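Asks: First, the structure itself, so that you have it in front of you.
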Amino acid sequence: MSGVIRVDLHTHSCLSDGTMSPSGIIAGAANLGLAAVALTDHDTVSGLDEFMAAASAAGVEAVPGVEVSCSASNREIHIVGLFIDWKHSRLTEFLEGIREQRNHRNSRILAKLNSLGYAISLEELLERAGGESIGRPHFAAILIEKGYFKDNQDAFERCLKRGRPGFCRRELPTPAEAIQHIHAAGGLAIWAHPVYRNKYARSHVRGMLNKLTVAGLDGMEAMYPGFTPEQQSMLMELVAHYHLLPSGGSDFHGENIPQIKLGGGDGSLEVPVKFYTDMKQAWRERAAESAAAPAAVEEGL
Ligand code: AMP
Ligand code: MN
Ligand code: MN
Ligand code: MN
């Protein structure tokens, strides 16, 4: 351990496709001495009651979050909402619709896998997932247990990813819809993992940011496991250029992606506490502005 105070603003629990409980993540954050930790399960806020209660009991600074998969010009991108009011009906109804689409897709994946000769049932899937947000890593875990694949990567590479025999697409919201609903719930909208390992895709990031910033994007992850130093500085430069907030996190998934650790990611991740403090301040200012907004409108009438 480096001794640097750091934060982790992107994690998954067993309420989506991670394996650790929300309180387990808080305990892990306390052990590591993280200055703040966010829970950002896919398309569900069902872990946040437990997460926030465990955080107050343990004295850990915790951020309620969610990660929403979106479709932008036929590409899947992910928007993380941080500091959300997770009981806000506009957000919870939006997420419920997304999970319905997930379930439709999951039935189609099941049928496809069965027709390909993999023995896997809906009951097994529901039991394995445990929570309300069921995804491909749950299929992968069952297929690995039954000996069809070596590990998660193998299951995705040979079967579950786009272009492979077990893939089925699902209807996804647009990033603008995700951003709107995150804002309605008082949160900040962050573009998650804008680039991937060893891809120096500056033009892609710029093109996407031109659209996402118009839709109200607040920030972007500049630190994420596997980002090269060149990618990090390119992303930090674009954060400044577009007046965004920098974010970062491990994308921890517990034993489903065992090489990625809470806080430290692949071993070299150190998301500075300043990312968090700047973000919290921006969120507070936003909240104060919206509280003041009705009065300002009345005065203008
Ligand atoms: P879903 O949301 O059900 O479509 O599943 C997407 C999840 O699967 C992501 O959040 C990752 O955790 C995992 N995943 C997606 N693509 C890959 C891949 N190529 N290799 C390994 N895991 C993946
Ligand atoms: Mn995932
Ligand atoms: Mn993601
Ligand atoms: Mn994630």
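Asks: Would you call V37 at pLDDT below 95 and outside any helix (DSSP H, G or I)?
Replies: Taking the combined requirement at face value, the residue does not satisfy it.
Asks: Given the conditions (1) surrounded by fewer than 20 Cβ atoms within 10 Å (Cβ to Cβ); (2) away from ligand 1 (no atom under 13 Å from the Cβ), report the number of the one that S71 does not fulfil.
Replies: With (1) surrounded by fewer than 20 Cβ atoms within 10 Å (Cβ to Cβ); (2) away from ligand 1 (no atom under 13 Å from the Cβ) applied to S71, the lone miss is (2).
Asks: Condition (residue is surrounded by 12 or more Cβ atoms within 10 Å (Cβ to Cβ), assigned to a loop (DSSP other than H, G, I, E, B), of a type in the set (A, V, I, L, M) and modelled with pLDDT under 95) applied to the stretch 182-198: is it met by at least one residue?
Replies: Yes, the conditions are met somewhere in the stretch 182-198.
Asks: In the list I26, I77, which residue meets the criterion of being under 19 Å from the mean Cα position of the chain (by Cα) and outside any strand (DSSP E or B)?
Replies: Among I26, I77, only I26 is under 19 Å from the mean Cα position of the chain (by Cα) and outside any strand (DSSP E or B).
Asks: Turning to a different aspect of this structure: Specify which of the listed residues (M234, M220, M279) is in a strand (DSSP E or B) and away from ligand 2 (no atom under 16 Å from the Cβ).
Replies: M220
Asks: Which ones in the stretch 170-181 are within 14 Å of the chain's Cα centre (by Cα) and either at pLDDT below 95 or within 16 Å of ligand 4 (Cβ to nearest atom) (or both)?
Replies: Passing the criteria: P175, A178.
Asks: Determine the pairs where a residue that is within 11 Å of G47 (Cβ to Cβ), located within the stretch 22-35, has a partner that is assigned to a helix (DSSP H, G or I) with Cβ atoms under 6 Å apart, the partner being 6 or more residues away or on another chain.
Replies: P22/E50; P22/F51; S23/E50; S23/A54; I26/A54; I26/A55; I26/A58
Asks: Do you know which of the residues in the stretch 83-127 that are farther than 19 Å from F156 by Cβ and basic (K, R) is surrounded by the most Cβ atoms within 10 Å (Cβ to Cβ)?
Replies: Looking at the filtered set, the residue picked out is R99.
Asks: Do you know which residues across the stretch 11-37 are among the β-branched types (V, I, T), surrounded by 24 or more Cβ atoms within 10 Å (Cβ to Cβ) and within 13 Å of ligand 1 (Cβ to nearest atom)?
Replies: T11, the sole residue that qualifies.
Asks: Starting from residues that are over 20 Å from K161 (Cα atoms) and among the hydroxyl-bearing types (S, T, Y), keep the ones in the stretch 34-79 and report whichever is farthest from ligand 3 (Cβ to nearest atom).
Replies: That would be S56.
Asks: Within the stretch 146-169, which residues are crowded, with 19+ Cβ neighbours inside 10 Å and either within 17 Å of the chain's Cα centre (by Cα) or within 16 Å of ligand 2 (Cβ to nearest atom) (or both)?
Replies: Hits for the stretch 146-169 are N152, A155, F156, L160.
Asks: Further question on the same structure: Within the stretch 251-276, track down each residue that is in a strand (DSSP E or B) and farther than 18 Å from T19 by Cβ.
Replies: V271, P272 - these are the residues of the stretch 251-276 that are in a strand (DSSP E or B) and farther than 18 Å from T19 by Cβ.
Asks: A follow-up question, please. Exactly one condition in (1) touching a Lys or Arg at 6+ places or on another chain (Cβ under 9 Å); (2) more than 16 Å from ligand 2 (Cβ to nearest atom) is not met by E76; state its number.
Replies: E76 satisfies all of (1) touching a Lys or Arg at 6+ places or on another chain (Cβ under 9 Å); (2) more than 16 Å from ligand 2 (Cβ to nearest atom) except (2).
The values are calculated or read from the model by the stated rules, or taken from the named source; none is laboratory data. Every value quoted in this text rests on a predicted model; they were computed, and no experiment measured them. Cβ sites come from the backbone with ideal geometry, for glycine too, and all protein chains shown count toward neighbours.
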